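The values are calculated or read from the model by the stated rules, or taken from the named source; none is laboratory data. All values reported here derive from a predicted model rather than from experimental measurement. Counting neighbours? That spans all protein chains shown, and the Cβs are built from the backbone with ideal geometry, glycine included. The protein model used for the area step is the full one, side chains on, heavy atoms only, and it has no ligands, DNA or RNA in it. Shrake-Rupley method; radii C 1.70, N 1.55, O 1.52, S 1.80 Å.
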Amino acid sequence: MALQIGDIELKYGLMLAPMAGVSDRAFRLLCREYGAEFCFTEMVSAKAVQFRDKKTFALAHIEKEDMPCALQLFGAEPDVVAQSASYLMQNTIGAPPCSIDINMGCPVRKIVSNGEGSALMRNPKLAGQIIRQTVQAVPVPVSVKIRAGWDETKKNAVSFALMAQENGASFVTVHGRTRSQMYAPPVDWEIIKQVKESLSIPVIGNGGIFCAQDALNMLAYTKCDGVMVARGAMGNPFLFAEIQAALAGKAYEAPDLNQRMETAKRHLLFMLKEKADAAIFEFRKHAAWYTKGIKGAAALRHQLNTAGSQEEILELLERIKKTGA
């Protein structure tokens, strides 16, 4: 089920979602190793780009080995989003993104309160202007990430996705939850299916992918062109290998404790290379995810959450690997 995005062909259509505070360059590289075919940067504020904010440029950092990687922008002003997309295409730290993704699905209050993210699903006219101007401003495909709708009474993903297509979007990702649900179940596969049946451009399904069977079920029901993995990959980048094996009809052997801890250690080293000492604090949440479910590891996880040095974290991960707790 090859998925075509511009000049890029994805064999399985497996994507790593843009997740604030998670899908940084280190995590993207790790997920790519295990089979993620297409990645996105963390959300980048279009307005912050206008102020030439250094931290914002760090979030937009892409290198050739990241590719294919899209840059995700959020904003509610058409001129600002379009200009920022154009600026970042020409002034990235490393390599320019292969596409631009516009976030119209983030449910977080501070984003929504500014009329950004999923708030735009309540203003299709403005959203259309943002998409159209961004498409006109950049030489690469532009995609849009949306939700099922604002709440159960306003599930407008189909009409909204059609609007995105009419304004030049190259593909649409549909998170099968409403904004009011945040991340609570259930994920509405029916709305993803309806969007797929209504559009001529590719549709990516998103939400609730925690194992290969979840991906297979979503693909079978919705007939979507690919799946986007989000929280299911946190502490489990191996999920992409599991899904690829299932799609190829091959056997999959889950990583043992040794492999999990070795991957966690490599993740930390990737982060240190990218962020220096700031990685120590940021890695704590990843350490908790990697050690989730390990019998008797609660005390060590507490130590990981308070560790203050690279050596301390590596020693704790090694201890978990050797003792199993």
**Fill in**
For LYS275, the aspartates and glutamates lying under 14 Å Cα to Cα, once residues fewer than eight places off in the same chain are dropped, come out as ASP24
**Request:** Counting only C-alpha contacts under 8 Å and six or more residues apart, can you give the relative contact order of the chain as a whole percent?
**Result:** 13
**Prompt:** Under a plain spin-label model, where a point goes 7 Å from the Cα along Cα-to-Cβ, how far apart in nm are ILE8 and ASP151?
**Reply:** 3.7
**Prompt:** Amide H to amide H, which residues 5 or more places from ILE62 or on other chains are under 5 Å from it, using H placed in the peptide plane?
**Reply:** ILE93, GLY94, ALA95
**Request:** Name the residue, out of CYS211, CYS69, CYS39, whose mean-square fluctuation peaks in a Gaussian network model built on the chain with Cα pairs under 10 Å.
**Result:** CYS211
**Prompt:** Taking R0 as 22 Å, what's the FRET efficiency between GLU282 and THR92 from their Cβ-Cβ distance, rounded to 0.05?
**Reply:** 0.50
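So, with a 1.4 angstrom probe, what is the percent of accessible area on the chain that is carbon and sulfur? The partial results should precede the final answer.
Numbers: 7090 of 13730 Å².
The value for the chain is 52 percent carbon and sulfur by accessible area.
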**Message:** Which trypsin sites (Lys or Arg not before Pro) in segment 25-131 sit in a loop by DSSP (not H, G, I, E or B) and have at most 16 other Cβ atoms within 10 Å of their own Cβ?
**Reply:** ARG52
**Request:** Of the listed pairs LYS64/LYS250; LYS110/LYS322; LYS145/LYS292, which have alpha-carbon separations greater than 32 Å here?
**Result:** LYS110/LYS322
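What whole-number value in Å² describes the accessible area per residue of the chain for a 1.4 Å probe? Each step should come with its number before you reach the end.
Numbers: 13730 Å² over 325 residues.
Solvent-accessible surface per residue comes out at 42 Å².
Which GluC sites (Glu not before Pro) in segment 217-311 sit in a loop by DSSP (not H, G, I, E or B) and have at most 12 other Cβ atoms within 10 Å of their own Cβ? List each step's numbers first, then the result.
Working: sites: GLU242, GLU253, GLU262, GLU274, GLU282, GLU311; in loops: GLU253.
Taking segment 217-311 and a limit of 12 other Cβ atoms within 10 Å, the loop GluC sites (Glu not before Pro) found are GLU253.
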**Asked** Which chymotrypsin sites (Phe, Trp or Tyr not before Pro) from segment 37-127 combine a DSSP loop assignment with at most 13 other Cβ atoms within 10 Å?
**Response** PHE51
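Would you calculate a helix-derived [θ] at 222 nm for the chain, using -39,500 (n - 2.57) for each DSSP H run of n ≥ 4 and dividing by the full residue count, to the nearest 500?
Working: 14 runs with 147 residues, N = 325.
Value at 222 nm, helices only, nearest 500: -13500 deg cm²/dmol.
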**Request:** State to the nearest 20 debye the size of the charge dipole of segment 18-126 about its Cα centre, where the only charges are +1 on K and R beta carbons and -1 on D and E beta carbons.
**Result:** 360
**Complete:** Dividing the mean separation of Cα pairs under 8 Å (6+ apart) by the residue count of segment 19-170 yields a relative contact order in percent of 20
**Item:** Accessible surface of SER118 - all protein chains present, 1.4 Å probe, nearest 10 Å²
**Value:** 0
